[in-house]
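For reference, the structure discussed in these notes is given below.
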């Protein structure tokens with residue numbers, strides 16, 4: 001487990017989390033919203049994030065990356081709904097296609113840096129885990145309807161033997177409620193998977209394009225397989241770099257117990 005340097009400020013717990021020493025395999029979920037600036041791919045962010053992955057892989061760590069759908073998924077799902085598509089399965093497929101597009105973009109950026117990344121975007125976590133045996137990095141998107149990329153990344157941790165899954169999203173911590181809507185939301189720098197499940201709710205699919213801090217189905221997978229989670233703000237890429245390097249970083253660690 002990592003440790004936490006805690007401070008109290010105006011009743012809120014603000015902390016700095018310490019990562020475990022790098023394991024042989026690390027899994028990172030990159031929220032799709034991180035890749036976009038408005039409606040366009042944020043090329044600078046993609047380049048900077050790719051450099052961090054490059055440095056981590058160069059140190060001998062194998063990395064599995066799962067990329068979300070972000071703006072592209074929301075836009076395409078919205079368009080489909082306006083066209084009369086209402087079936088959740090079909091809408092999920094549209095979202096999955098967007099995640100795979102984003103994964104291809106990120107994989108291409110890694111290839112430009114000379115990273116040993118798998119040529120194809122895997123479509124299952126078992127395929128991805130197998131590909132990691134032959135490559136330093138794999139990049140994938142969604143897999144099947146009903147599973148968000150959070151759930152996919154945690155499944156990939158299970159299949160690849162990783163002990164932790166790091167989730168890079170657009171908030172600093174796990175909060176007791178949505179901080180975007182609640183200025184008094186309380187951040188947690190340390191909690192258990194059971195604590196997290198109490199916040200996100202039961203493991204039920206909420207339809208295409210959900211926006212919760214961590215998918216409740218993924219949380220259940222982590223509970224069932226003793227996978228520790230770490231959450232950090234992926235817009236602050238220095239935090240991701242520190243996490244992957246085994247250094248202290250600002251964020252939340254969700255322990256098994």
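The values are calculated or read from the model by the stated rules, or taken from the named source; none is laboratory data. Keep in mind the model is a prediction, meaning the values are calculated, not measured. Quick reminder, even Gly has a Cβ in these numbers, built from the backbone with ideal geometry, and neighbours come from all protein chains shown.
General observations
- Selected residue (criterion: surrounded by the fewest Cβ atoms within 10 Å (Cβ to Cβ)) from residues of the stretch 134-143 that are within 17 Å of residue 53 (Cα to Cα) and in contact with a helix residue (DSSP H, G or I) (Cβ under 9 Å, 6 or more places away or on another chain): 136
- Candidate set from the stretch 59-76 (those that are surrounded by fewer than 22 Cβ atoms within 10 Å (Cβ to Cβ) and out of contact with any strand residue (DSSP E or B) (no Cβ under 9 Å at 6 or more places or on another chain)); member that is nearest to residue 162 (Cα to Cα): 60
- Qualifying residue in the stretch 77-92 (condition: under 19 Å from the mean Cα position of the chain (by Cα) and surrounded by fewer than 16 Cβ atoms within 10 Å (Cβ to Cβ)): no
- Members of the stretch 111-133 found to be under 17 Å from the mean Cα position of the chain (by Cα) and surrounded by 17 or more Cβ atoms within 10 Å (Cβ to Cβ), listed by number: 121, 122, 125, 128, 129
- Look at (1) under 27 Å from residue 175 (Cβ atoms); (2) at pLDDT 95 or above and you find that residue 18 fails only one, number (2).
- Test: residue in the stretch 180-198 that is touching a residue at least 60 places away in the same chain (Cβ under 8 Å) and within 17 Å of residue 32 (Cα to Cα): no
- Failed item in (1) crowded, with 23+ Cβ neighbours inside 10 Å; (2) outside any helix (DSSP H, G or I); (3) at pLDDT below 95, with residue 150 passing the rest: (2)
- Check on residue 239, in contact with a helix residue (DSSP H, G or I) (Cβ under 6 Å, 6 or more places away or on another chain), crowded, with 18+ Cβ neighbours inside 10 Å, modelled with pLDDT of 95 or more and within 24 Å of residue 37 (Cα to Cα): no
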